[in-house]
1. Fewest first, what order do 45, 250, 115 take by the number of other Cβ atoms within 10 Å?
2. Quick one: Debye curve from the C-alpha atoms of segment 154-193, no solvent, what's log10 I(q)/I(0) at q = 0.21, 0.25 Å⁻¹?
3. On full extension of the chain, what length is gained from residue 200 through residue 157, given 0.36 nm per residue of separation minus the C-alpha to C-alpha distance?
4. Roughly how many nanometres apart are two label points built 7 Å out from the Cα toward the Cβ at residue 2 and residue 227?
5. Translational D (Stokes-Einstein, µm²/s) of segment 3-104 at 20 °C and 1.002 mPa s when Rh comes from the Kirkwood sum over C-alpha pairs?
6. What FRET efficiency comes out for residue 115 versus residue 182 if R0 is 25 angstrom and r is the Cβ-Cβ distance? Round to the nearest 0.05.
7. Tell me, in nm to one decimal, what length is gained between residue 127 and residue 26 on full extension, where the rule is 0.36 nm per residue of separation less the Cα-Cα distance?
């Protein structure tokens, strides 16, 4: 069930069971559509978002010059949605419980260190058909910063080999082009030549990445794959697919990338969504200074 359908059912419930006024329902719709847009931007949804995702959303709201009452209203709408989902057994818990308010400090997106990313990308066995597929998916995700829904939605004609770009269809069926590095490009070529035909068997599908049954890759399949490799790589952080998207953006900014360019690659409609990563980069610089400057303690 997608966010649009969940929001429709939630608003119907608020009208029928609780008798909320139309203006209240419209305020809920507006606020929750904004939340859905944000969650889609970091590669998740109402069904999959965790506490950390919601904390990051509140942190982004705090950067947008909104009145405290507006932020409180948006948080209240989210809390009511997720309480309803938990009560309806659409989720096993409410991720807004114990959510900090903005005044108690900004929660920044968690990212992997570059060494953790290297360990994760090295985990798949590239001599194995499934391992080569997994290596190609992980490299592509980190090389491009795609949302997981965009990664699993890639088709075999998405690659513009002449220019080294991927054509990606994002939210609202908006298409963008994203550069892809040589390492990821080489792995995709190897996967297409040797692994994909074996996995497909006699099937014919347009999906670039396929399961061991020859069907198109799903978000749930990929969620399982990335967590398994995180365990193999010894990464202590609870890894989710959009953590690589966070890392992609933060590592680019750490190395001097332009914010507008990162916004275009991520497919953010609003640059304020991208700006949260500049705070991550600054926090990283502060950490490096504190750990390595000889007079940082004084």
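1. 115, 45, 250
2. -0.65, -0.85
3. 13.8 nm
4. Going by the 7 Å Cα→Cβ label model, 2.5 nm.
5. In µm²/s, the coefficient is 155.
6. Computed FRET efficiency for residue 115 and residue 182 comes out at 0.75.
7. 31.0 nm is the gain from fully extending residue 127 to residue 26.
Bear in mind that the values in this text are calculations on the coordinates, not laboratory data. Fair warning: this is a prediction, and the values are worked out from it, not measured in the lab. Every residue, glycine among them, receives a Cβ derived from its backbone with ideal geometry; neighbour counts consider all protein chains shown.
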